[in-house]
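Values quoted throughout were computed directly from the atomic coordinates according to the rules given, and no laboratory measurement underlies them. Since this is a predicted model, take the numbers as computed values, not measurements. Cβ atoms come from the backbone with ideal geometry, glycine included; neighbour counts cover every protein chain shown.
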Amino acid sequence: MAEPTFRAPKGTRDILPPESGRRRALVDRFADSAALSGFGEVVSPIFEDLGVFKRLGESTDIVTKEMFDFVDKGDPPQHLALRPELTASICRAYAEHRPIPPWKIWYEGPQFRYEQPQAGRYRQFTQVGVEILGADDPQADVDVIALGARFFESLGLRQVTLMVNSLGDESCRPAYMEALTAYLTDRVGDLSAQSQVTLERNPLRVLDSKRDEDQSIIDAAPVMVDFLGGETADHFDAVRSGLDELGIAYEISSRLVRGLDYYTRTTFEFAATALESAQNAVGGGGRYDGLVEDLGGPATPGIGFALGVDRILLACDAEDVFAAPGPSVSVFVVDVTGGSVALDACQRLRAGGIGADRAYGGRSMKAQMKVADRSGAPFAAIVGEDELAAGEVTLRDLRGESGQRRVALDDLVSDVRSLLSN
Ligand code: ATP
Ligand code: MG
């Protein structure tokens, strides 16, 4: 094959059938489970004012290094950015529309981050997620986490670990930050160059470092859960006992700080242990009680998560679960009499809710049968001169044992329907 003139940009890819069918099935499955829990979908713009995302925190990688931002053609031009995640957009939408809380919403869609592409790490990837705005109750945290955990289970994934932590809030985090900063500053010379820079910006983020040279220092660092005050400690306890009651397995991970600055109190992450550890986070989330206010809205607590669809599908591959859905076409119409019966039969079948397809170009019986076979359809409806004259088709079982028989064109839909329900 000749070199193509253009390729999909670095870090992006085309998702083709049948993989795209699997992706669609996964998103639909998520949509169904979110709807069952009372969440409604929000469809928001793929780009926003850059300022919306700057609220995610000036020390987060997705703001400082990974943003796809641009100025538009306006006068004066507006500085916009492709969204790197959806929580900020949802909070912006909440501040703009002021829906009645609690506002329970779900979303799906592409996100954009200028990252070094690797397996499971792309510049355009898809997330599904939920948010509950306006509920402070720790049981909201439990419901949200449970939705994620049950979703992974429903796909058949068994090797997904849930890690939970509390990051405290403004009442107790300053004391922790002081202790952590003092601890890290004492050891600054032994930290990676990267973490030395991070320490200046946000000491908490040093705990997120994946570099080997930082690990022993991180392992011995003071942990937030030891600094939780009365209310934040109670909240964390309530989240844990809710998870226990529901029988959801989790680990307390005191070093889980997550990549975004806005988190307060509950944070959590799902890791697919069947994947390479650098890209094994299949989802994460937490509380962001200050974000709506930061975006100009009323003080509103929030909790949610985002799951990485591309990585979840890689985890499904690794565990050999959630196969691509079967063929959507049930009947392939092979018409060697010119094609008008194929046109008619396909329309009838589709109108009856039965997937139908056909070949084009008036090809030979043999060529059309080959396409029928490749389509994965369990039945072929064959139209030759005899059938045409009799107003019939020959319905042939392409997969099973039931052979073939002639049926009236008028009975095709009901006959196929009863065959399919057997
Ligand atoms: P990581 O530590 O792997 O960079 P993250 O903490 O940046 O992940 P989040 O911002 O929490 O990720 O996004 C939620 C989920 O979105 C992640 O758990 C992951 O499954 C997915 N995700 C994030 N970045 C990418 C990417 N570049 N390509 C594919 N999926 C991604
Ligand atoms: Mg990241």
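Arranged from fewest to most other beta-carbon atoms within 10 Å of their beta carbon, ILE145, ILE15 become ILE15, ILE145.
Does segment 195-287 come out rounded, prolate or oblate, given a ≥ b ≥ c as the square roots of the eigenvalues of its C-alpha gyration tensor, rounded meaning a/c under 1.5 and, failing that, prolate meaning a/b above b/c? Verdict is oblate for segment 195-287.
Looking at the chain, do any whole DSSP H helices span at least 20 angstrom along their long axis by alpha carbon and average -1.0 or above on Kyte-Doolittle, and which? Provide the component values of the computation, followed by the final result.
On the way: long enough: 19-36 (26 Å, -0.48); 138-155 (26 Å, 0.57); 230-246 (24 Å, -0.55).
The answer, listed by residue number, is 19-36, 138-155, 230-246.
Report, in whole Å, the centroid distance computed from the Cα atoms of segment 65-112 and segment 205-232. Their Cα centres are 30 Å away from one another.
First check a/c for segment 84-180, with a ≥ b ≥ c the square roots of the eigenvalues of its C-alpha gyration tensor; if it is under 1.5, answer rounded, and if not, answer prolate when a/b is larger than b/c or oblate otherwise. Rounded. Under the simplified labelling scheme, the ARG201-GLU385 pair shows an inter-label distance of 7.7 nm, with each label point 7 Å from Cα along Cα→Cβ. Compared with the alpha-carbon gap, the fully stretched path from ARG98 to THR5 is longer by 28.7 nm at 0.36 nm per residue. From helices alone, the chain scores -11500 deg cm²/dmol at 222 nm; the rule is -39500 (n - 2.57) for each run of n ≥ 4 DSSP H residues, then divide by the residue total.
Spatially, segment 251-326 and segment 1-39 are offset by 19 Å when compared through their Cα centroids.
With Rg and the Kirkwood Rh both taken from Cα atoms, where does Rg over Rh land for the chain?
Values: Rg = 27.2 Å, Rh = 24.8 Å.
Here Rg/Rh amounts to 1.10.
With the contact rule set at Cα under 8 Å and sequence spacing of 6 or more, what percent relative contact order holds for the chain? This gives 15 percent for the chain. Distance between the pseudo-spin-label points of LEU343 and GLN118 (7 Å out from Cα toward the beta carbon): 5.6 nm.
Extending 7 Å from Cα along the Cβ direction at ARG374 and again at SER277 yields two label points whose distance is 4.5 nm.
How would you classify segment 335-422 from its alpha-carbon gyration tensor, with a ≥ b ≥ c the square roots of the eigenvalues: rounded for a/c under 1.5, else prolate if a/b is greater than b/c, otherwise oblate? Intermediate results must be reported in sequence, preceding the final value.
Numbers: a/c = 1.37, a/b = 1.17, b/c = 1.17.
Rounded, since a/c falls under 1.5.
For ASP72 and GLU178 in one chain, what is 0.36 nm times their gap in residues minus the Cα-Cα distance, to one decimal in nm? Write down the numbers at each step before the final one.
Values: separation 106, 0.36 × 106 = 38.16 nm, distance 4.21 nm.
Stretched fully, the ASP72-GLU178 segment lengthens by 34.0 nm.
A straight chain from ARG29 to LEU420 at 0.36 nm per residue would run longer than the Cα-Cα distance by 138.4 nm.
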